[in-house]
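Take a look at the structure below.
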Amino acid sequence: MRKIKVFSTIDYILLGCVLALTAIGVAFIYSASILQDGSAIPAAKFNYIKQIFWAFVGLVLMVSFAAFDYRKTERYIFWIFIFFIALNVFTAKFGKKINGSRSWIGIGPFGIKPAEFSNIVFIFFLGWYFNTSENEKPLKRFLVSLGILFLQVISVMLQPDLGTALVFFPIYIFMSFAAGIEYRYIGIVLGIGLLTIIFTMLPLWQMYIVKATVPAIKFLTEKRLRTIIIIALIAIIVIGILGYFLFKRNPFFRKFFYWVTYVCAILMIAMVISPVVVKKLKNYQAKRIVIFIDPETDPKDAGWNILRAKTAIGIGGPIGLGFMKGEQSHKKFIPEQGTDFIFSILAEEWGFMGGLLVFSLLLSILLRIVHIIKTSSNKYGMYISAGIFGMFFFHIMENLGMVMGLMPITGIPLPLLSYGGSSLLTNMMACGALMSVRYRRFNFM
């Protein structure tokens, strides 16, 4: 047995970024809990203390993950994955309901969100599958991995937690690229996903913003016309499949029928899924999509968060108003200002330079992950690192985009900064896993 020196497993560049971001996060969680008159917001006055506690727990977990040989998880990751699927289903039934979702399990004054930890478990399990299925047929490999993705997403959507469920898609995409899944298969997931989003948004845009019939999107809003188009697409798909086999020896016609079938299948599936999504959306979720398109549609209610956040960022200017001197935050104009919208407070009080500092630290983490992916000689470790990259990348882009009005509000926290123990622990464990991969990059035992 090789003796592991704990401190030699630490990636000090990654550690420095994590500690810096966590410290900044605690500072602005504290700032978010103080009103203009200096008094604390009753519901948030202990949040920074809780965050410090979770930071210490997270630091221990990060070091533990770094010291632990990640390759040993291949033996039992299947059962851990099954356990977390069951735990998510249990939470959906018996968990604590907050903001319309039953996503939390209460433990005394604290609460944990199993769906957050599922990010790590999903990454390890999908990495294990990709690593053990390299000799399988490409189509089977894609379909099984897609089944794993949908099983995970469904277990979280039962709560329903749309924001967390969305995170699994970029994780899957990045890991699929790393695992060598054919681009045409990844294109199916991307195509269906993007078209479903567009086909979901357009009817809501017509209903809440235009408030009049738009002829160009009647195929999405009129049930009879939609049904006719879906049937027509199915007919084209059947003809395409028959044509593919009938002209199998002719390369031109074989490719023609293949791509006709490919495109029509993506369109058909997106058209079938989108009305189901629209129907299942809760009122507040539909409003979030609408105000993403036009915040002025409901400036005093659903659009308030985005408008106030953008105002705070604008007020900050180059160097900000100074720590604890924010106008929007300390007048409590920004809801969720210590969690999802923490960047707006930071930008108001530290300005563009503060925002640039945070962005630079987050970018450094992403670049470090890329380095770990490139230098890993173990494919399981590479797949895990690619999944963690996808998780961090999506959280960063979605949260910063959301605060600036460039992305819809989904409740996605900003890694290592936003208040929340489950999110902080998940991010720190992910960084510990990256350190473990990096330390064992030459695949020694």
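The values are calculated or read from the model by the stated rules, or taken from the named source; none is laboratory data. None of the values given here were measured: they were computed from a predicted structure. Glycine also receives a Cβ, built like all others from the backbone with ideal geometry; neighbour counts cover every protein chain displayed. These area figures cover heavy atoms from the full protein model, side chains too; ligands, DNA and RNA do not enter into them. Shrake-Rupley method; radii C 1.70, N 1.55, O 1.52, S 1.80 Å.
First obtain the Kirkwood hydrodynamic radius of the chain from its Cα pairs, then insert it into the Stokes-Einstein equation at 10 °C and 1.306 mPa s, and state the resulting D in µm² per second as a whole number. Don't skip to the answer; put the middle values down first.
Values: Rh = 23.6 Å.
Diffusion coefficient, whole number: 67 µm²/s.
Averaged per residue, what accessible surface does the range 249-372 expose to a 1.4 Å probe, in Å²?
51
So if we plug the beta-carbon distance of L242 and Q36 into 1/(1 + (r/R0)^6) with R0 = 60 Å, what FRET efficiency do we get, rounded to 0.05?
Numbers: r = 71 Å, r/R0 = 1.18.
For R0 = 60 Å, the calculated efficiency reads 0.25.
What part of the accessible area of the range 330-445, given as a whole %, is carbon or sulfur when the probe is 1.4 angstrom?
Working: 2600 of 3610 Å².
Within the range 330-445, the accessible surface is 72 percent carbon and sulfur.
So how far, in whole Å, is the C-alpha centre of the range 286-337 from the one of the range 106-153?
Spelled out, the Cα-based centre of one part sits 35 Å from the other.
If I stretch the segment between L194 and D69 completely, what's the gain in nm (0.36 nm per residue apart, minus their alpha carbon distance), one decimal?
41.2 nm
Springs between alpha-carbon pairs under 10 angstrom, Gaussian network model over the chain: which of M157, M382, M428 fluctuates most?
Checking each option, the largest mean-square fluctuation is seen for M157.
In the chain, which whole DSSP H runs stretch at least 24 Å along their own axis (Cα) and average 0.0 or higher on the Kyte-Doolittle scale?
Correct list, ordered by number: 12-32, 47-67, 77-94, 114-132, 138-157, 162-179, 183-205, 223-246, 251-280, 342-375, 379-403, 421-439.
Label F252 and E134 with points 7 Å out from Cα along Cα→Cβ: what is the distance between them in nm?
4.1
How much of the accessible area of the range 35-180, probe 1.4 Å, is carbon plus sulfur, in whole percent?
Roughly 71 percent of what the probe reaches on the range 35-180 is carbon or sulfur.
Please list, ordered by chain and number, the residues whose modelled amide H lies under 5 Å from the amide H of N378; skip anything fewer than 5 residues away on the same chain.
Here the answer is none, since no amide H 5 or more places off falls under 5 Å of that of N378.
Before I look further, what does the range 14-172 give for accessible area per residue, probe 1.4 Å, in whole square angstrom?
Each residue of the range 14-172 exposes 46 Å² on average to a 1.4 Å probe.
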